[in-house]
Amino acid sequence: MSNSDSHVDSDSEEFDCDNRRIPLEHLPMFKRLASVNGKINRMKRRQLIDIMDNKKLNTDGEIDVLKKRLKNHYRMQALIKAKICESEATYFPYFVVIDIEATCTEDNPADYKFEIIEFPAVLVDAKKRKIVDHFQAFVKPSINPKLSEFCIKLTGITQDQIDKADSFEVCLKRFTKWLEEHELGIKHKFSIVTDGPFDMARFLYGQCLMSGIPYPKFAARWINIRKVFRSFYFTKQVKHSVLCNLNAMLTFLDMQFEGKPHCGLDDSFNISRICLKLLEDGAFIDQNERIISLKTPTPYGKDDPLPVRPVHNIFCDGMHSHNKRLVKRLKNLEINKDI
């Protein structure tokens, strides 16, 4: 898979700050948001609740969560006013939640080639805040066509289902057609959502290499819901030490897992429920990871490097202190007092 026919970035960049750039006319808005965020940081809980009650915002949660929720409210209002976002729902009006299942053994060797055996997706309407459709395809592996007993027990996928399944290339075409039927990427903006980096950077990327097909454009960037969850519900001091797998996130939100664990479709439904809860609580959900092209593209085994880099984007994170040129441009502008 060459860079010319695949939708991946080079791994030469140490830090990525998204291809989207702030138009000159929006710079005062981001400066004003930085000032508003500073005021919110200094507020006491009672002040936060009074303001949020007045704006009809959810006031449940710790004080740090309240601050993030109020900041996100002002940020979204500014983005709507600047016509960057269409509504208060999210930057992306649709999410496609994917949780891939792959071949496995009880003790995967270091060079084990994970092949996709289930490709599910759940479509979430962020504006209406509900699940509207789903997709599921079983995939026939070519390198390890016979599933291990461990894999069958873990995923619930039977050998008969795999024997009757289509190849990955056919399944990917079916999925692309499903996206087109919903006009995703055509009329409607959308983003892939995953629970961690492995679905895109290990399973999909590796499968495309093994199948000899280009990595799909729709998966060049995605939302790792774990990162959004940690950033929204926990402080910087503790968020990286918090257990953040699917069950842990559900438990934190007082939810129970629905369905069978490690069934890709059921996992995708439960990730969608977390996504909807984040929206309900006022989180701003935007892309935070991207695929890259490795110099030695062999991302098969568990010890191989993941071809993934973080995405830090202005619409979600606001103004970054590392961007000195942006800060200088802001200082040279007359600041608008209105958000």
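The values are calculated or read from the model by the stated rules, or taken from the named source; none is laboratory data. Source: prediction; values computed, not measured. Don't worry about glycine lacking a Cβ; one is built from the backbone with ideal geometry, like all the others, and counts go over all protein chains shown. SASA here: full protein model, heavy atoms, side chains in, ligands and nucleic acids out. Shrake-Rupley method; radii C 1.70, N 1.55, O 1.52, S 1.80 Å.
Considering segment 77-106, and only residues there that are among the aliphatic types (A, V, I, L, M) and at pLDDT 80 or above, the residue that is farthest from the chain's Cα centre (by Cα) turns out to be Ala78. Cβ separations smaller than 6 Å between residues 6+ apart or across chains give the following pairs from segment 60-72 residues that are open to solvent by less than 40 Å² (accessible area, probe 1.4 Å) to residues that are small (Gly, Ala, Ser): Arg69/Gly282; Asn72/Gly282. For Val122, the conditions (1) open to solvent by less than 30 Å² (accessible area, probe 1.4 Å); (2) at pLDDT 95 or above; (3) of a type outside the set (D, E, K, R); (4) part of a loop (DSSP other than H, G, I, E, B) are fulfilled apart from (4).
Could you say whether any residue in segment 135-156 is at pLDDT below 90 and acidic (Asp, Glu)? Among the residues of segment 135-156, not one is at pLDDT below 90 and acidic (Asp, Glu), which makes the answer no.
Go through Lys302, Lys328 for me and flag whichever is more than 24 Å from Val124 (Cα to Cα), open to solvent by 70 Å² or more (accessible area, probe 1.4 Å) and either at pLDDT 95 or above or assigned to a helix (DSSP H, G or I) (or both).
Within the list Lys302, Lys328, the selection yields Lys328.
Scanning segment 237-251 for residues being surrounded by 13 or more Cβ atoms within 10 Å (Cβ to Cβ) and either closer than 21 Å to His134 by Cβ or at pLDDT 90 or above (or both) gives a total of 6. Within segment 202-221, does at least one residue satisfy the condition of being among the β-branched types (Val, Ile, Thr) and closer than 24 Å to Cys275 by Cα? Within segment 202-221, not a single residue is among the β-branched types (Val, Ile, Thr) and closer than 24 Å to Cys275 by Cα.
If I go through segment 180-234 residue by residue, how many of them are part of a loop (DSSP other than H, G, I, E, B), among the acidic types (Asp, Glu) and surrounded by fewer than 20 Cβ atoms within 10 Å (Cβ to Cβ)?
The initial filter retains those residues of segment 180-234 that are part of a loop (DSSP other than H, G, I, E, B), namely 182-183, 185-187, 189, 195-197, 212-216, 220, 234.
Checking which are among the acidic types (Asp, Glu) leaves us with 183, 195.
Subsequent filtering for residues that are surrounded by fewer than 20 Cβ atoms within 10 Å (Cβ to Cβ) retains 183.
Here the count works out to 1.
Here Asp166 clears all of (1) open to solvent by less than 60 Å² (accessible area, probe 1.4 Å); (2) touching a helix residue (DSSP H, G or I) at 6+ places or on another chain (Cβ under 8 Å) except the condition numbered (1).
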